[in-house]
1. Are any residues in the stretch 97-116 in a helix (DSSP H, G or I), open to solvent by 70 Å² or more (accessible area, probe 1.4 Å) and at pLDDT below 80, and if so, which ones?
2. Going through Ala62, Ala30, Ala70, Ala77 one at a time, which residue ends up being in a helix (DSSP H, G or I), open to solvent by less than 100 Å² (accessible area, probe 1.4 Å) and free of Cβ contacts under 8 Å to residues at least 24 places away in the same chain?
3. Taking interchain pairs and intrachain pairs at least six residues apart, which have beta carbon atoms under 6 angstrom, with the first residue in the stretch 236-261 and at pLDDT below 80 and the second outside any helix (DSSP H, G or I) and open to solvent by less than 100 Å² (accessible area, probe 1.4 Å)?
4. Restrict the check to the stretch 126-147 and report whether at least one residue is at pLDDT 85 or above and loosely packed, with under 13 Cβ neighbours inside 10 Å.
5. Restricted to the stretch 80-96, and to residues that are of a type outside the set (A, V, I, L, M) and part of a helix (DSSP H, G or I), which residue is surrounded by the fewest Cβ atoms within 10 Å (Cβ to Cβ)?
6. Among what's in the stretch 163-212 and is assigned to a helix (DSSP H, G or I), polar (S, T, N, Q) and free of Cβ contacts under 8 Å to residues at least 60 places away in the same chain, pick the residue that is surrounded by the most Cβ atoms within 10 Å (Cβ to Cβ).
Amino acid sequence: MSNRFLAHLGRAYLGLILFFLYAPILVMAAMSLNASEFYQLPFKFSGEWYDRLWNNREILAAAGRSIWIAVVVTVIATTLGTAASIALFRHDFPGKRILQALLFPPIAIPWLITGTAMLIFFFGIGIGRGTPAVIIGHVALALPYVIVVVSARLASFDRVLEEAARSLGASAWQVTRAVTVPWILPGIIAGGLFAFAVSFDQFVVSYFLSEPGDTTLPVLIYTSIRKGFTPEINAISTIIIAVSMGLMLLAARFTKFGGDR
């Protein structure tokens, strides 16, 4: 009886957590379809805010720029992070443990401090603010996530498979391409998704490093809220959440992140 009670209590607790996580998102999605600009009730269904969003060039330009930057950052960070993870897995060298430990502070350090440090550093070396600075800053933030995720996948990799391929005459590149990469592909995909999410959602570093008038979507949403919130922000946020969750479900389905079930 007690075990059944604990099971029901656990389900109720999980349900409350999911409610507090998703209730604000559902309310925001509903308000994006409400005809009232000031969220008045009763609810009146309307697609007006999506029509306005489609004609709002400023928001669409910021969204396009954020997606473009996130894709570039994902390609760079995933490539460099995967190569670094394989190198750390295959080779031992002095300072390796220290180098691995240094991957975690950039994840834990507040982004406000990181953004300030990057701004000072980029101006000091002559890069200044702009798209190159934003991309470099986002890659620096995303790289530790990729290395940690891919390294976790490599921890379950059997070195004997690489040794068997080499004994059959395969070169180092052939071993990497035909043996190692297929095995760690779910980790690479997961690391790439992390890199895309970190870049696309990044506000602080983008705020510090973007040029005036050429901002990313999170920065534009922040400045729009300061001027006066409009339901168009609800519309673009709902679209982003729907697309993000769809991509995550597809990735989970085809890479079996959750196992065979």
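1. Answer for the stretch 97-116, where residues must be in a helix (DSSP H, G or I), open to solvent by 70 Å² or more (accessible area, probe 1.4 Å) and at pLDDT below 80: just Leu99.
2. Ala30
3. That search, which allows pairs on different chains as well, returns Ala252/Gly258.
4. The answer is yes, given that some residue of the stretch 126-147 is at pLDDT 85 or above and loosely packed, with under 13 Cβ neighbours inside 10 Å.
5. Lys96
6. Kept after step one, since they are assigned to a helix (DSSP H, G or I), are these residues of the stretch 163-212: 163-167, 172-201, 204-209.
Among the residues that remain, those that are also polar (S, T, N, Q) are: 167, 174, 176, 180, 199, 206.
Now narrow it down to the ones that are free of Cβ contacts under 8 Å to residues at least 60 places away in the same chain: 167, 174.
On the way: Ser167: 8, Gln174: 13.
It comes out as Gln174.
The values are calculated or read from the model by the stated rules, or taken from the named source; none is laboratory data. For clarity, every value in this text was computed on a predicted model and none was experimentally measured. FYI the Cβ positions are ideal-geometry reconstructions off the backbone, even for glycines, and counts take in every protein chain you see. Surface accessibility is based on the protein's heavy atoms, side chains included, excluding ligands, DNA and RNA. Shrake-Rupley method; radii C 1.70, N 1.55, O 1.52, S 1.80 Å.
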